[in-house]
Amino acid sequence: GLMEGLHVAYATLELPEPHVLGRIKAALTGVEIEHIMKGSPYDVEAKKRLKQLAPDIGSGLIKEFTPHATTADDIREWLKVCEDSEGRAVDLLVVDYADKLCAPKQDSEYNAMRVVYEGLRIMAVEKKIWCWTASQSGRRGNKGKDKKGIKLDLNDVADSMHKVRVADLIITLNVTETEIGGRDIEFFIAKNRTGKSRFSVGPMPTEFEIGRIAPSSAFGSWDEDIYAGL
């Protein structure tokens, strides 16, 4: 989103703000996450690269929210703060992740997820923005995803089928171990309300150490000479 010049609001209910920022820095600059988190001189290099990228990327704001105590309405109120701060509308809202939002008046987790996901979707439609989030798979999906040829599908979502009913686009991430000890990811487009679905993209090699799924030729890479010098 940032590389496309968008105004991105990232609500984290999973990791502290510095960890999220470290991952984003790594993905943008190619400097490994662990080195950014350790600080100078690694973080200095990342900051230098971000400064070089600044004219060509969008703006991003990150805020940590309390899991299981934050509602979709709380996120909506924060978006107003983001818009006032940057003087422009938010283009993309990332919620990491919606399963950790709550709907206090609901009598079950199953119904609570319907309220949460509907709330996010209504917000996205009203504001004409993208809203990205994630959900965990259920036990059957966790058991089957490592088997060759078996992909996570709509009925593998954990806790509530309301999630898949509400969402406009659902992409499942299917990880396989490679012969050389790496991990590939295959995207399965399980649902697309306005376009083609039921097809796969990949598998593609991963670069989790810099928060990317390859190929990453569109981004900067970590120079081995600089790496050795540090």
Can you work out which of the residues in the range 51-73 that are aliphatic (A, V, I, L, M) and crowded, with 16+ Cβ neighbours inside 10 Å is farthest from Ala89 (Cα to Cα)? Ala72
Pair list, Cβ < 7 Å and 6+ apart or interchain, from the range 125-136 residues that are at pLDDT below 95 and open to solvent by 100 Å² or more (accessible area, probe 1.4 Å) to residues that are among the basic types (Lys, Arg) and assigned to a loop (DSSP other than H, G, I, E, B): none
Selection count, the range 48-73, where residues are in contact (Cβ under 8 Å) with a residue 12 or more places away in the chain and in a helix (DSSP H, G or I): 6
Of everything in the range 144-158, what is within 17 Å of Met113 (Cα to Cα) and either modelled with pLDDT of 95 or more or within 20 Å of the chain's Cα centre (by Cα) (or both)? Give them in sequence order. Leu154, Asp156, Val157, Ala158
Against the definition (over 25 Å from Leu2 (Cα atoms) and of a type in the set (Val, Ile, Thr)), how does Thr133 come out, yes or no? no
Out of all the residues in the range 104-112, is one or more open to solvent by 40 Å² or more (accessible area, probe 1.4 Å) and at pLDDT 95 or above? no
Working only within the range 17-47, note down all residues that are open to solvent by less than 50 Å² (accessible area, probe 1.4 Å) and closer than 14 Å to Lys63 by Cα. Val20, Gly22, Ile24
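The values are calculated or read from the model by the stated rules, or taken from the named source; none is laboratory data. Owing to the predicted nature of the structure, the values given are computational and were not obtained by experimental measurement. Glycine gets a Cβ as well: all are built from the backbone with ideal geometry, and neighbour counts include every protein chain shown. All accessible areas refer to the heavy atoms of the entire protein, side chains included, with ligands and DNA or RNA removed. Shrake-Rupley method; radii C 1.70, N 1.55, O 1.52, S 1.80 Å.
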